[in-house]
Amino acid sequence: MAVKERTTIALDPEVKREATDVLERMGLSLSSFTEICLRQAVRDKGMPFTPSLRPVRSDGYPVPPTHDAYRFERSKSTGNIVLPQEWDDPADDIYDHA
């Protein structure tokens, strides 16, 4: 087994506690998780995750993304999604129903 080098990092105590709780339930120590992330960063030549500014709920969990289909109006008569007029392609007019 390779010799390990001891490293010190500064963490927010609450973040450390929450992360440690999650990792322990997964059978990992904070040290193991850190090494996994660092090895992945070396292998991928980049971060092992995509940082984002996703909105979070009051409990700290991310707000699930809203799919575009939920943003469109629905036809009152059929309930079908009505796409914006600028998306209309004249070439497909033969498929339009009156």
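Please treat every number below as a calculation from the coordinates, not as lab data. Quick caveat: nothing in here was measured; it's all calculated off a predicted structure. Backbone-built Cβ (ideal geometry, glycine too); neighbour counts: all protein chains shown.
Quick notes
- Measuring r between the beta carbons of Phe49 and Glu5 and using R0 = 22 Å, the FRET efficiency lands at 0.40.
- The chain - percent relative contact order, Cα under 8 Å, separation 6 or more: 8
- Karplus (6.51, -1.76, 1.60) ³J(HN,Hα), θ = phi - 60°, over the stretch 17-26, in Hz, Gly and Pro reported as x: 5, 5, 5, 4, 4, 5, 5, 4, 5, 8
- Pairwise label distance in nanometres, Leu38 with Leu23, each label 7 Å out on the Cα-Cβ vector: 1.1
- Where chymotrypsin sites (Phe, Trp or Tyr not before Pro) in DSSP loops with at most 14 other Cβ within 10 Å are excluded, longest remaining stretch of the chain: 1-48
- With the simple model of a label 7 Å out from the Cα in the direction of the Cβ, Lys16 to Gln85 spans 6.1 nm.
- Directionally averaged projected area (the chain, Cα convex hull): 13.3 nm².
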